[in-house]
Amino acid sequence: MADSGFRFQPNPRHGVPGIVVLPDSGFRRASAAIASWAAPADPAASCIDPWIGAAHAVTRLLAAELARRGDVLAAAPAALLAGEHRAALDGVTIAVAGSLSFRAALAEAAQRCGAASRTVPAGEEHPLLLADTSWPGFAEPPRDVMQAQRWQVAQILAADPPDVLVAADGAGGLAAAAAVQIRAQRLPTRLVVAQPEGRAWLLEALAAGALPELPPGEASLLAWQELERSAFAALAVPADSHSEPLALARAAALRLDGSALPGLQPGGKTRAIG
């Protein structure tokens, strides 16, 4: 699929067993926590709300910090987001890295809890760091974000599983969360990861069989550990097709729909998320 500027790369390792990136036990805990303050995700929605992942990660981080300091031993997520521990969080600042939408959502979540936030480069060390991407030595906070994304994907897939799910993703966390949930629900759904041409690191990685050397956080290490064996394929989309992630995903889905490609039969149900 080289015409029209699209490049398609099937994954030769698709289906090979690998490490567990998002444990089901952690997903159950995340689901219970998120359900205490968030409305159920709309099964018909295509946009994955970055607020859900940011708020879940913020409440996890701040609850741990309050317990470490001995101020509040078990701060409930809903209570944190309601500002009930604002006084105890006075002077606490969260460092945030990652996508622009995630940083904006995290700033709002931190403010609701009573904490401040500031942007730092991916790869920088900080005792209270959150990001929606991971790199060597930094994995647990991004895992919280991915479990929250998985919570949203689970409700979408439970309602009407598609034959092909196209996930538009920069660093890969959302796509990896979707891949884990597809496997957890034992669906035959094929996951295709769409990225803009020029930043399609997953396509290059699948072709080479190894993650390329990139700046910290540009390609999530956790995401790669999942996608290297569970993504069905990667698709590079021309740069003029991606004003927003969901627009990119839809452009990719339209390109795939009706294409006779190995493992992707024309006429199947294709769904885009981003």
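What to note about this one:
- As a length-normalised measure over Cα pairs under 8 Å and 6 or more apart, the relative contact order of the chain settles at 25 percent.
- Which label in [x] 59, 38, 34; [y] 97, 42, 31; [z] 56, 47, 33 gives the computed Cα extents along the principal axes in Å: [x]
- Relative to the Cα centre, the charge distribution of the chain, modelled as +1 at Lys and Arg Cβ and -1 at Asp and Glu Cβ, gives a dipole magnitude of about 560 debye.
- Of the residues P196, P238, P50, the one that moves most in a GNM of the chain with alpha-carbon contacts below 10 Å is P238.
- Share antiparallel - DSSP beta bridges, the chain, percent rounded to 5: 20
- 12 Å beta-carbon shell around P216, net charge (K/R +1, D/E -1): -4
- Residues L246, L22 ordered from highest to lowest accessible area at a 1.4 Å probe: L246, L22.
- Across the range 171-189, the residues whose backbone nitrogen lies under 12 Å from the label position 7 Å along the beta-carbon direction of R199 are 171-172.
- Once the Cα atoms are used to define both axes, helix 173-184 deviates from the longest principal axis of the chain by about 80 degrees.
- Prolate/oblate/rounded call for the range 173-274, Cα gyration tensor, a/c under 1.5 rounded: oblate
- Antiparallel bridges, percent of DSSP beta bridges restricted to the range 17-144 (to nearest 5): 10
- Taking 0.36 nm per residue of separation and subtracting the current Cα-Cα distance, fully stretching the chain between A184 and R28 would add 54.9 nm.
- Electrostatic tally near A57: other residues with Cβ closer than 11 Å to its Cβ, Lys and Arg +1, Asp and Glu -1, net -1.
- Computed over neighbours whose Cβ is under 13 Å from that of P266, the net charge equals 0, Lys and Arg +1, Asp and Glu -1.
- When the GluC sites (Glu not before Pro) in the range 205-274 are filtered for DSSP coil states and for at most 10 other beta-carbon atoms within 10 Å of their beta-carbon, the remaining sites are E213.
- Sparsely packed loop sites in the range 39-86 (the trypsin sites (Lys or Arg not before Pro) outside DSSP H, G, I, E and B with at most 15 other Cβ atoms within 10 Å) comprise R86.
- If the segment from R86 to S4 were pulled out straight at 0.36 nm per residue, it would be longer than the present Cα-Cα gap by 24.2 nm.
- In this label model, R112 and A260 are separated by 5.0 nm, measuring between points 7 Å along each Cα→Cβ vector.
- With a Förster radius of 41 Å applied to the C-beta separation of E244 and A158, the computed FRET efficiency comes to 0.95.
- To the nearest ten degrees, helix 140-159 and the longest principal axis of the Cα atoms of the chain are 60 degrees apart.
- Highest GNM mean-square fluctuation among I156, I19, I34, for the chain modelled with Cα contacts below 10 Å: I19.
- Overall, the accessible surface of the range 1-70 at a probe of 1.4 angstrom is composed of carbon and sulfur to the extent of 58 percent.
- Taking the range 162-274 and dividing mean pair separation by its residue count, relative contact order in percent (alpha carbons under 8 Å, at least six apart): 38
The values are calculated or read from the model by the stated rules, or taken from the named source; none is laboratory data. Source: prediction; values computed, not measured. Methodologically, a virtual Cβ is constructed for each residue, glycine included, from the backbone with ideal geometry; neighbour enumeration extends over all protein chains shown. Each accessible area value is taken on the protein alone, full model and side chains, heavy atoms only, with ligands, DNA and RNA left out. Shrake-Rupley method; radii C 1.70, N 1.55, O 1.52, S 1.80 Å.
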